[in-house]
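Single-structure report; data block below.
The values are calculated or read from the model by the stated rules, or taken from the named source; none is laboratory data. Just so it is clear, the structure is predicted and the values come from calculations on it, not from any experiment. Using ideal geometry, Cβ is built from the backbone for each residue, glycine included, and neighbour counts are taken over all protein chains shown. Just the protein is used for accessible areas: all its heavy atoms, side chains included, with ligands, DNA and RNA removed. Shrake-Rupley method; radii C 1.70, N 1.55, O 1.52, S 1.80 Å.
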Amino acid sequence: MFRQPGDIASSERECPRSHRGARPTGAGEQPAPVVFYRMGFFDKIFGKKPALPPAGALNLAELSRRLGVDAGMLSAIKIVYQPFTIPKRNGEPRQILAPAADLKNVQRLILRCILKKLNAHDAVHGFERGRSIVTNARVHVGAAVVLRLDLKDFFPSTSSARVESYFRAIGWDAECAAVLTKVCTHENGLPQGAPTSPRLSNLVNYRLDTRLAALGRAYNATYTRYADDLTFSVRPPPGAVFRCANILIHDAKQIVSDEGYRLHTDRKLKIHRKHDSQRVTGLVVNQIVQLPRETRRRLRAIEHHLKTGKPATLSTEQMQGWDSLRAMIVKQRELT
């Protein structure tokens, strides 16, 4: 890891270790289901002046009305998934669970009529309207150190108990929360392939993001999350950078564990100093948000080949997709 140059004691004074975040469980205990603090939590997810139902006031009849689906059909729906695999970037297989047509239709209704109306934490950029890999990257431009951490098995590790606790917290009664959980989870986790899973992964983890954002503020660092990718950009006083980076990694690992997840601590832990190519969600953030240099060079070569009729590794249609990405980067990196 990092070695702190100079006087370590002075760096400790500049970078206090008092912040650890509230830990909901004791040593050796299993992570508890999500407990939401009613005022601050609901103010965030519903807006400044939420009209809240009493806890458990929303029943199966109300869910049926909102979704336009018969209550009996909701309770009796069969939970069927078709597994298949797609390759990851490193070539390893990633399992996707494709829901059956009837199940997928109900999940889409839940997403559109219930989940889309709620707010995730401001630090979340994945699967959120108006957010992208560019908005996730641009807040980290010009940092002394960029830390990138990765959650293991993010969707499957988001437990059914936490999902059900969330539905109870936003007003659904026990029967209805159980039905919603049954429809949206599989084998005690969020199925990667269900249309509800990305949005639920953000909503359920409001407390995780709150704690990690507070950890970042305690050490003059900015925190964002894009799906299972956690990023901290560190801007502490000179001489305290490395000490703060070490503490951030240690404390983030503890918070993540408290919330029921595990971090990749080997090849997926990335620590980039200023003189490195600092990358966030695949984009370079040293000075401005842009594609990596090797990608830009490759795209220029492909463009030249396409214009001159030489063989190219991308088709014209694929290049149009890259052109759209480049245009999005230029547009969104200038927004404040």
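Tabulated data
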| read-out | value |
| --- | --- |
| Rounded accessible area of VAL141 (nearest 10 Å², 1.4 Å probe) | 40 |
| Amide H contacts under 5 Å for ALA98, placed H, 5+ residues apart | GLN82, PHE84 |
| Which of LYS307, LYS117 is most accessible, then next, and so on - probe 1.4 Å | LYS307, LYS117 |
| Radius 12 Å from Cβ of ASN59, net charge of other residues (Lys, Arg +1; Asp, Glu -1) | -1 |
| Average projection area in nm² (convex hull over Cα atoms of region 134-248, one quarter of hull surface) | 8.1 |
| Label-zone membership for region 102-120, site GLU62, 7 angstrom Cα→C-beta point, backbone N under 16 Å | 113-115, 117-118 |
| Simple label model, 7 Å out from Cα along Cβ direction - LYS268 to PHE127, nm | 1.5 |
| Solvent-accessible area of ARG326 with every protein chain in place, 1.4 Å probe, in Å² to the nearest 10 | 70 |
| Under Karplus coefficients 6.51, -1.76 and 1.60, residue-wise ³J(HN,Hα) of region 137-148 in Hz, glycine/proline x | 7, 5, 6, 9, 5, x, 7, 5, 9, 10, 9, 10 |
| Average accessible area per residue (Å²) across region 224-336 - probe 1.4 Å, nucleic acids and ligands excluded | 55 |
| Distance histogram for region 215-287 (every C-alpha pair counted, 5 angstrom bins, percent rounded to whole numbers) | 3, 14, 26, 28, 20, 7, 2, 0 |
| Fully extended contour minus Cα-Cα distance, from ILE96 to ARG217, at 0.36 nm per residue | 40.0 nm |
| Relative contact order (percent, whole number), region 178-336, Cα cutoff 8 Å, 6+ residue spacing | 10 |
| Cubic angstrom per residue, convex hull over Cα atoms of region 115-200 | 111 |
| Sequence-distant residues sharing a close amide H with VAL145 (under 5 Å, placed H) | VAL234 |
| With DNA, RNA and ligands ignored, accessible area of LYS88 (1.4 Å probe; Å², nearest 10) | 70 |
| For region 214-225, Karplus couplings with θ = phi - 60° (6.51, -1.76, 1.60), whole Hz, Gly/Pro x | 5, 4, x, 4, 5, 10, 6, 10, 9, 10, 9, 10 |
| Under 5 Å, built H, 5+ apart or other chain: amide partners of GLY189 | SER160 |
| Out-of-range pairs (alpha-carbon distance over 26 Å; input LYS88/LYS270; LYS116/LYS182; LYS117/LYS182; LYS310/LYS331; LYS152/LYS182) | LYS310/LYS331 |
| Net charge of neighbours whose Cβ lies under 9 Å from the Cβ of LYS116, counting Lys and Arg as +1 and Asp and Glu as -1 | +4 |
